[in-house]
Amino acid sequence: MMDGLTINSEVDRRNPCICRFTVNRTLHIGTATFDNKDGTEGFLLAQKLFEIEGITRVQLIGHLLVVSKAQEQDWRVLIEQVKEILEAFLVSSFALSKEQVEDRMMLIGRGTKEKIQYLLAHKINPGVAEHAGFVELIDVRDNNVYIRLGGGCQGCGAADFTLRQGIEAIIKKEVPEILQVLDVTDHAAGMNPYYRPVK
């Protein structure tokens, strides 16, 4: 078992076809329930659990995994198989990192504009600041984000790359309702671009 990881299991006393696995890592933010493998696209942990013969239901609730089995299956065998899959998942790149959990928890319950402001302050501007630049939110309208680039980003030859591959990618991943991120910067007025555009 990986260092610091604990997985505890407990079979439900009232319904012996249900077992709860408690992990000291966040498995999922919110609640997700699956009754078969068909609906597990994008949820690798649930997909792998349904590969175990006899698993009939999987629920992910924060640190908790609730697994249901067919009556004829034996938990003594299944528990070890579930724990092996949990361990493999938690050491993979598919598991949520501590930073991802914190970010997603901070985004829960916020309005779209607040989410964008949070992402700019915590995920985007710290990286852009390394190139002496900053990104300012101008507006959010009709699921479009309007931003202005400043400092070393204003007039920078790599500004469009930064916008599409960095800023827009981060925002669309965390706020999927956003259609596009539009740059309203006057790049011609840039006094000290990080990369000078090729003439």
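Given the criteria free of Cβ contacts under 8 Å to residues at least 24 places away in the same chain and under 20 Å from I18 (Cα atoms), does E72 qualify?
Judged against the criteria, E72 is a match.
Within the stretch 132-157, can you find the residues that are out of contact with any strand residue (DSSP E or B) (no Cβ under 8 Å at 6 or more places or on another chain) and either within 19 Å of G111 (Cβ to Cβ) or buried (at least 16 other Cβ atoms within 10 Å of the Cβ) (or both)?
Step one: filter the stretch 132-157 for residues out of contact with any strand residue (DSSP E or B) (no Cβ under 8 Å at 6 or more places or on another chain), giving 141-143, 155, 157.
Within the stretch 132-157, R141, D142, N143, G155 qualify.
How many residues are of a type in the set (S, T, Y) and either assigned to a strand (DSSP E or B) or touching a Gly at 6+ places or on another chain (Cβ under 7 Å) (or both) when one looks only at the stretch 32-42?
Number satisfying all stated conditions: 1.
Picking from K69, K115, which residue would you name as being among the basic types (K, R), in the same structural domain as E174 (by TED's automatic domain parsing) and either more than 30 Å from Y146 (Cα to Cα) or surrounded by 13 or more Cβ atoms within 10 Å (Cβ to Cβ) (or both)?
Values: K69 fails: in the same structural domain as E174 (by TED's automatic domain parsing).
Only one candidate qualifies: K115.
With L60, L45, L65, L5 as the choices, which residue is under 23 Å from S93 (Cβ atoms) and part of a loop (DSSP other than H, G, I, E, B)?
Details: L60 fails: part of a loop (DSSP other than H, G, I, E, B); L45 fails: part of a loop (DSSP other than H, G, I, E, B); L65 fails: part of a loop (DSSP other than H, G, I, E, B).
Matching residue, one of L60, L45, L65, L5: L5.
The values are calculated or read from the model by the stated rules, or taken from the named source; none is laboratory data. The shown structure was predicted, so the numbers you read here are calculated from the model rather than taken from an experiment. Cβ: placed from backbone, ideal geometry, glycine included. Neighbour counts: every protein chain shown.
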